[in-house]
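The values are calculated or read from the model by the stated rules, or taken from the named source; none is laboratory data. As the structure is a computational prediction, the values presented were derived from the model and not from experiment. All Cβ positions, even for glycine, are placed from backbone atoms using ideal geometry, and neighbour counts span all protein chains on display. Keep in mind that these areas ignore ligands, DNA and RNA; they rest on the heavy atoms of the full protein, side chains included. Shrake-Rupley method; radii C 1.70, N 1.55, O 1.52, S 1.80 Å.
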Amino acid sequence: MKQTHPLLCLVFYFLLNGTIFAQAPIRIDLNGRWQFRREGATKWSDAKVPGSVHMDLLSSGIITDPFYGINENNLQWIGETSWEYMRTFLVPDSLFKEKHILLTFEGLDTYARVYLNDSLIFTADNMFRSYNTEVKYILRIGANQIRIQFPPVTDENAARYGRLKHRLPGDEKMVCRKAAYQFGWDFSPTFLTCGIWRPVYLETRNYLNLYTVRYIQKEITDSVAHMAAVFTIMSDLPDSSLFVISTKDQVLFSNRESVGKGLNNIRVDFDIKNPKRWWTNGLGEPNLYTLNHEITFAGRYKLNGSTRIGLRTLELVQKDDLAGKSFYFKLNGIPVFMKGANYVPQDNFLTRVKDSSYRALIKNAVDAHMNMLRVWGGGIYENNIFYDLCDENGILVWQDFMFANGMYPGDKDFLSNVRAEAGQTIIRLRNHPSLALWCGNNEIDEGWKNWGWMKQYNFSKEDSIEMWNNYRVLFWSLLPGSVTLFDSLRPYISTTPLIGWGHPESLNMGDSHYWGVWWGKEPFSNYKTKVGRFMTEYGFQGFPTYSGIRKAITGHQLNMASPLVKFHDKHPQGLEIIDEYLKRDYKTPKDVHMYDYVSQLMQAEGMKIAIEAHRSAKPYCMGSLFWQFNDCWPGITWSAIDHSGGKKALYFYLKKEFAPFLVSPDFHNGKVTVSVVSDILENKQADLHLKIIDFSGKLLWTKSSLVNIPANSSKVYFDTTLSRLIPRLNLQYSVLVAELISGNDTLSKNLLYFDIPKNLKLDSCIIDRKYTEIPEGYSIELTTDKLAKAVYLYSTFIVGEVSDNFFDMLPGETKKIVFRTTTKNPNFTSFLWINTLYSACLKN
C-alpha cells in the first residue's frame, strides 16, 4: 500500500543531494583521465579520477614518496595551494531525448567550485557528501568541459572560523567537514588532500525514478521472517505499477501498487520462509539473501536492481544492574562478547587503497577471530566494499559519525550540511546486516568535561553555555533524529565514552576508553583491574614490522638516535613512553632492528594482559576493541597490522587471545588462578592440563582434570597459592603451562611467567630447524633444547609471510610453521633468521 510521510520533503532533499539511485537508464562514466594544474599556471598535467592532488603530483614525477623521510614537512605547500581539475567529454545527441540529465559527484575533497561549460553549477564543502545537479540545459551536443577549482582548505577554514563568535576546542579544522586525521593525529601525518575522491558520472532519469529501497525485518522466527520493503520513488505521472521482489529461486512479492505524481514512499509486505539467520564470525554462518526488485511502470518502463540483506536481530542492552549499567550486544537473542579493534583509514591518500587491501584486512580480522570493528569518528564513512566484506564475513560494525575530539559550530549552514551528510550516509549503509550501531562522536563529551578546554580557551560562561547547547543540538537531536527517520531499528548512542577513564564509574557503566596505560603511564598490570562493561578503546604503541619501517627510513638513518625515527611517531612523547615502559620490563635491545622487535613484543604482551582480563570478566565485561587494527602510513603507532600489511607481534597474539576458547592463567599476590573462557554456544567437556617446568624442561609440578565448560561462559577452574604447589620455586627460571585439550585438539594453550621479562634467567638455546619446500613456500619444523622465548623469524632478502611468529617454545617441543612466498631460493635456509628475546638483548 502507499504511505506518505510528513517529512517527505526532507527525504527528497537528501535524495536529490547524492543518494545513489538503484537504477539509471543511461550512465556516462567520467572517471579516468583528467587534467590538473596549480591555479594560475598555464600547463596542465595528467590526473587520475578518483584520485587526489598528492597522488597526481607523485604520478607526474613532481614530488617523491610523501611518506619517505621528512617529505611530509616538504610537501605542506600542496595543501596551501589552489588547484584546478578539468576534463572534456562528449555527449551524443541521443542523450537529450531523456527527460533529465544529472551530473553526480560521489565525493569531492573538500571545498570546491564546479563549472560546466564555464557556468558555475554548484559549490561543495563536505568531503562526506555526494552532490548532483540537473545539467541538461547546460550540456551541449558534442564536446563539453567540466572544470573544478579546489581552494586551500586552510584558507577557507580560516575564513569560516573567523566568522565565529568564539574559538572552538580543536580550532579551525572543526568548521570543516573533512576527515580529521588528515589534519594530523597522534597516529597520522598531516596531508591536506584535495580532489575528486569518489566516482563522477552523468546519468539520466525519466518519468519514474527509484531513489532507494529499504528492507525492514519486522519479525523473525525459525519458520518465517516477516519483511517489508519501502521504495522511495519520484514519478512525473500517476500510474499503477507492478512491483516484484524475488530471490534467484522464488518470487516473494508481486502486486500492482498505485504511484502518485511526485515523491512516493511505497511500502509492501512479504515473507521469507525458513529463514537462515546471519551470525557473527565464530558463532555461525553469515547467511545473506540477494533480493531482486523490478518495477514496471506504464506497462513498458522497467526499473530493476538488487540488494543484499541478512536476517538477524541485534539489540544493544543498557540496563541498570547491581554493578552499574550494562553495555552489551545481543545477537539473535544471544549475548555476544565483542572481540575486535578500532579501524582507521588505510592510507592518508584514500584512493590508492585497492579492493585487494580491503579483502586482506577483513580476512586478517576473521583469522584473528574478530567479530566487530569500530569505524572511528576521525576518519571516513568507508567505501561500500568495506561493509560488503563485513556482511560476508560476520564482522559487526560500530559506526561512528565523523566527529571527534573537539567542539563543532552550531550555525544553520553547518547543521544543514551535517543533516544532508547524515541522511545520505544512513541511507547508503542501512541495509547492511553488519551495521550494528550509530555513535554520534568520539570522546567529545569526555573532552568537554575532563580535558580542561574551558580553562585552556578562557571561555566565558555564555560561550560555554552556547557551545554545550550546540553539542546537544547536534548529538542529542539532529543525528539521533536522522537515525530515527531513516534507520529507526538501529541503536544510536551520542558519544563514546560517556564517562572518562579518570572516573571510577567509567568502569561500571557504559563503554570505556581506558588510557591509564600509555597516557597515564600506569603499569601493564593495571589492565587486570581496570575492566569496564565494554572496552571500546585501550592500546599501546609498537614499532611497525622492520620491513615496514624500512619503506620510510633506510640506511644509516635507521637508528634509535635518528630524528627520522622520532618523526615517524606522531605522538609527541611516543618514543619516550615506549622507552620508559621497555626499561621497566625488558633488557636493552642491542640495535634498532631488535628494538623494533622488542617494542612489538612489549605491545603484544601488554594487550595480552588486557584482553585476558576483559574476556575473563565476562559477562560483566562484554567487549574488547583495542586501538588500533591498522595504519594509514608507515609510522610507529598502536596498530596490529602496519601500513604495508605486515603483521606485528600483536596480530599473532590476537589469533590466540581472541580464539573461541581461552585458557588464562594469572599470578597475583602469590596466588595462581586459571580461568577458561568459551564463546561457543554449546557446552564443552575438555581436559585442563597444568604443569610447572623450569627453563631446561624439568617437570616441577603437574595436575590434570576434566572440566565441564558451559556455553558462552567464563569461569575460574583452578585457584590456589603458589607456595602450596612448590614452596621455594625459582620464579625467574620457571613457567606454568596451561593447556585445554579435547581429544586430539588443543583448544587453547597459554604460558604464565612469574616475573617480568628482564628478570627471567633466559639462556642461550639451540633451535634445530628442518625445511621442506611446499607449493605455497616452505614448511619449517623447529625444536629447541631450552626455553626459547619470543621466537622471531624474519628475512630481509625473501618476501614472504610466516603463519606464526613471536611464539615461545618449550624444551623438546616441536613447532611447525609455514613461510608463504612465491620466491623459491636454493639458499632459503641462509636467508631466514631466527632470534629470541635472549639473543635480541645481548650487548655487541
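Here are a few things to note about the model shown:
- Where helices (runs of 4 or more DSSP H) fall wholly inside the stretch 1-82, the ranges with 1 or more residues that are modelled with pLDDT under 95 are 8-16.
- All of ILE148, ILE220 fail the test of being of a type in the set (Val, Ile, Thr), modelled with pLDDT of 95 or more and under 30 Å from ARG38 (Cα atoms), apart from ILE148.
- Of the strands (runs of 3 or more DSSP E) entirely within the stretch 179-246, those holding at least 3 residues that are open to solvent by 10 Å² or more (accessible area, probe 1.4 Å) occupy 183-185, 208-220, 224-235, 239-246.
- Residue check for ASN759: in contact with a helix residue (DSSP H, G or I) (Cβ under 9 Å, 6 or more places away or on another chain), open to solvent by 30 Å² or more (accessible area, probe 1.4 Å) and either modelled with pLDDT of 95 or more or at negative phi (or both): yes
- Any hit, the stretch 735-743, residues being out of contact with any Lys or Arg (no Cβ under 8 Å at 6 or more places or on another chain), buried (at least 16 other Cβ atoms within 10 Å of the Cβ) and part of a strand (DSSP E or B): yes
- Residue check, ILE272 touching a residue at least 24 places away in the same chain (Cβ under 8 Å), more than 30 Å from ASP679 (Cβ to Cβ) and in a strand (DSSP E or B): no
- Being at pLDDT 95 or above, open to solvent by less than 70 Å² (accessible area, probe 1.4 Å), among the β-branched types (Val, Ile, Thr) and assigned to a strand (DSSP E or B) is not true of VAL716.
- The combined condition, being closer than 22 Å to SER839 by Cβ, open to solvent by 50 Å² or more (accessible area, probe 1.4 Å) and of a type in the set (Val, Ile, Thr), is not fulfilled by ILE767.
- Search result, residues across the stretch 327-357 that are under 17 Å from SER639 (Cβ atoms), open to solvent by 10 Å² or more (accessible area, probe 1.4 Å) and out of contact with any His (no Cβ under 9 Å at 6 or more places or on another chain): VAL353, SER357
- Number of the condition not met by ALA790 [criteria: (1) touching an Asp or Glu at 6+ places or on another chain (Cβ under 7 Å); (2) of a type in the set (A, V, I, L, M, F, W, C); (3) open to solvent by 20 Å² or more (accessible area, probe 1.4 Å)]: (3)
- Taken over the stretch 287-302, residues that are farther than 16 Å from GLN217 by Cα and crowded, with 19+ Cβ neighbours inside 10 Å amount to 3.
- Candidate set: the stretch 660-674, residues that are crowded, with 19+ Cβ neighbours inside 10 Å and out of contact with any Leu (no Cβ under 8 Å at 6 or more places or on another chain); chosen: the one nearest to VAL737 (Cα to Cα): SER664
- Residues in the stretch 510-543 that are touching a strand residue (DSSP E or B) at 6+ places or on another chain (Cβ under 9 Å) and of a type in the set (A, V, I, L, M): 2 in all.
Each row is one residue, and each column tells you yes or no for (1) acidic (Asp, Glu); (2) over 22 Å from the mean Cα position of the chain (by Cα); (3) at pLDDT below 95.
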| position | (1), (2), (3) |
| --- | --- |
| LYS461 | no, yes, yes |
| ARG472 | no, yes, no |
| LEU507 | no, yes, no |
| TRP518 | no, no, no |
| LYS528 | no, yes, no |
| PHE534 | no, no, no |
| GLU537 | yes, no, no |
| GLY548 | no, no, yes |
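- Given (1) open to solvent by less than 10 Å² (accessible area, probe 1.4 Å); (2) closer than 26 Å to ARG177 by Cβ; (3) free of Cβ contacts under 8 Å to residues at least 60 places away in the same chain, number of the condition MET402 does not satisfy: (3)
- Flag if GLU801 is at pLDDT below 95 and either small (Gly, Ala, Ser) or closer than 20 Å to TYR651 by Cβ (or both): yes
- Just one residue in the set ASN450, ASN458, ASN469 is open to solvent by 40 Å² or more (accessible area, probe 1.4 Å), of a type outside the set (A, V, I, L, M) and at positive phi; that residue is ASN458.
- Residues of the stretch 502-532 that are open to solvent by less than 10 Å² (accessible area, probe 1.4 Å), in contact (Cβ under 8 Å) with a residue 24 or more places away in the chain and touching a helix residue (DSSP H, G or I) at 6+ places or on another chain (Cβ under 8 Å): SER512, HIS513, TYR514, VAL517, TRP518, TYR527, GLY532.
- Scanning the stretch 303-326 for residues that are modelled with pLDDT of 95 or more, closer than 20 Å to ASN384 by Cβ, open to solvent by less than 60 Å² (accessible area, probe 1.4 Å) and assigned to a strand (DSSP E or B) yields THR307, ILE309.
- Taking the criterion of being more than 30 Å from GLY184 (Cα to Cα), open to solvent by 50 Å² or more (accessible area, probe 1.4 Å) and out of contact with any Pro (no Cβ under 9 Å at 6 or more places or on another chain), the residues of the stretch 120-159 that qualify are LEU120, GLU134, TYR137, ILE138, ARG140, ALA143, GLN145.
- Contacts under 6 angstrom Cβ, first residue in the stretch 649-677 being closer than 12 Å to LYS608 by Cα and of a type outside the set (D, E, K, R), partner open to solvent by less than 10 Å² (accessible area, probe 1.4 Å) and in a helix (DSSP H, G or I), 6 or more apart: ALA649/GLN600; ALA649/LEU601; ALA649/ALA604; LEU650/GLN603; LEU650/ALA604; LEU650/MET607; TYR653/ALA604; LEU662/ARG615
- Some residue of the stretch 472-495 being buried (at least 22 other Cβ atoms within 10 Å of the Cβ), assigned to a loop (DSSP other than H, G, I, E, B) and in contact (Cβ under 8 Å) with a residue 24 or more places away in the chain: yes
- Long-range neighbours under 8 Å by Cβ, at least six apart or interchain, first residue closer than 17 Å to HIS293 by Cα within the stretch 221-235, second open to solvent by 10 Å² or more (accessible area, probe 1.4 Å) and not in a strand (DSSP E or B): THR232/VAL11; MET234/PHE12
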